[in-house]
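Scroll down for the structure; my scribbles are underneath it.
The numbers here are math on the coordinates, done by the rules we state, and not lab data. The shown structure was predicted, so the numbers you read here are calculated from the model rather than taken from an experiment. Positions of Cβ are generated from backbone atoms using ideal geometry, with glycine treated the same way; all protein chains shown enter the neighbour counts.
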Amino acid sequence: MKRIKNFIWSVVIGKTPVTDMYRYYTVSTVIMMVHVCLFVVAILLGSVPMMVCHALSVPSNLLIMICFVRRRKFVISFYLIYLEVFLNTMACCVIVGWTYGFSLYNLIVVPVSFYMAFMSTNFKKRTTTACVCSVINVVGTLAFRVYVYTYGPIEVYSTNTALVISVFNMLIAFVVVTFFSILYIIEIRSSRAELERMNEELRDMANHDNLTRLYNRNGVKKVMEETFENAMVMKKKFCIAVCDIDDFKKVNDTYGHDVGDIVLKRIAKIMNDALLYGDIVCRWGGEEFLFIICQPLKSATTVLEKIRKTVMEERFIGEDYDFSVTITTGVAEYHDELTQDEVIKRADQRLYYGKLRGKNCVITQNEMENQA
C-alpha cells in the first residue's frame, strides 16, 4: 500500500510520467467502478436488463485489460473501450429512457477520448481518430434518442425515481470528468517538467565540454560578455589567460587518445580547483584552455603560476605509461582601450611567445613589454 501511495504521489508531483499502460489501466478501472455503482442502482430498481448490461460490462473491461492493454495493444483497447461505453450507455437509455441521465456518459467519453488519443504515443492520426469517434458517437446517440422517443423505453418508473437516478448519474459524471481533468493537468505538468529537463540537458551540452565538463567556447561567451560589461561599469580589473598543454600531440601519438583524454580531464580539474569563486576556466579548443580571472595582473599571475607548478608536478601513471606534462600560459589584463577580442588576442600572442621562449611558463604583459 505504501508503494502504491508513493507511486501515486510521484505521479501527482510530476516526477513519474504517466505511461500508456498506466493510462489505459486507469481508464478501464474507472469504467469498471462506474459499472459496479450502476449495477447496484439496477439492483435497487429491480431492473434485470440493466443488471445484465452492467454485469457484462465489468468482465468486458477486464478482458480488454488482460488481452489488449497488458499486451500494449493500445489502439485496439481505445476502440473497444469506446465501443463498450457507447453500447452500455445506449442500452441503459433504451431500457429506462432518456430522463435518467445515462446519456451523460456518452458526453463524457468525448473529452476522455481526445485525452487518450493525444496523450498516447501509439496514435499516428490523433485528431482524426478522436474526431471520427466523436462524430460516430453523436450520430449513434441521436439515432437512439429518436428510437426511444418513437417507441418509448422498455421499463417505466416514477418521476421521483428518474430524478434521483439522474442526479446520481450527474454526480458520477462530474466526478469522472473532474478526475480525468486532474489527470490531464498532471500529465501536462509532467510533460513540461520532462521537456524542461531535456532542454536543460541540451543547454548543458551546448555550453559545456563533454570530456572535461568545463564551459566550452560557446558557453563562456555569455560569461565573458558579462565580465566585460561589469568591468566597464564598475571600473574593475580582470585578466584573460590562454593556456596550452605543451607537446600534447606527442602524448596522443605515444600513449593514445584515451590517455590523452585522461590528461585533459585531470588538468581541467587542477585548473578548476585552483580558481577562486567567480573565476572561470573553459576548454577553448583541443588542448587549449581560457581563463577569466577577476583579479589584477599580479594576482592573476600568482594563480596561474600555482596552476603551472601543480600541473608540472602531476604524474600520469598507468600500466604502460608514466609521464608528466607542462603548460604554457599567456595572460593579458583588460583596460578601457581594449575590446574583448583584443584582450584574447594579446593573451594568445603571449602564449605564442611563451612557446618560443621554451614553454612551461606564464607570460604576462609586463614581461612582454620588457622583451620588446
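Say R0 is 51 Å: what FRET efficiency, to the nearest 0.05, do D261 and R192 get from their beta-carbon distance?
That pair, D261 with R192, gives E of 0.90.
Once you order the gyration tensor axes a ≥ b ≥ c over the Cα atoms, which shape class does region 111-179 get: rounded for a/c under 1.5, otherwise prolate or oblate by comparing a/b with b/c?
Note, shape of region 111-179 comes out oblate.
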If each residue of separation counts as 0.36 nm, what is the full-extension length gain between T302 and V146 once their alpha-carbon separation is subtracted?
47.0 nm
Mean Kyte-Doolittle of at least 0.5 and a Cα length of 20 Å or more along the axis: which whole DSSP H helices of the chain meet both?
20-45, 48-64, 74-96, 104-119, 126-151, 159-207
Spatial separation of Cα centroids for region 317-362 and region 111-173, in angstrom:
75 Å
Does region 187-331 classify as rounded, prolate or oblate by the C-alpha gyration tensor (a ≥ b ≥ c root eigenvalues; a/c under 1.5 gives rounded; else a/b over b/c gives prolate, otherwise oblate)?
oblate
For a test of understanding, tell me how many lysine pairs in region 2-205 have Cα atoms under 19 Å apart, given they are 8 or more places apart or on different chains.
4
Which shape class, rounded, prolate or oblate, goes with region 203-249 when its Cα gyration tensor gives a ≥ b ≥ c as root eigenvalues, a/c under 1.5 marks rounded, and past that a/b bigger than b/c marks prolate?
oblate
Between V177 and K249, what length comes free when the chain is fully extended (0.36 nm per residue of separation minus the Cα-Cα distance, one decimal in nm)?
19.3 nm
Within the chain, helix-based [θ] at 222 nm, where runs of 4 or more DSSP H residues each add -39,500 (n - 2.57), nearest 500:
-23500 deg cm²/dmol
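For region 124-195, which trypsin sites (Lys or Arg not before Pro) are both in a DSSP coil and crowded by at most 11 other Cβ atoms within 10 Å?
Passing both the DSSP loop test and the Cβ count: K124, K125.
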Starting from the amide H of Q295, placed 1.01 Å from N in the peptide plane, find each other amide H under 5 Å away whose residue is 5 or more places distant or on another chain.
C239
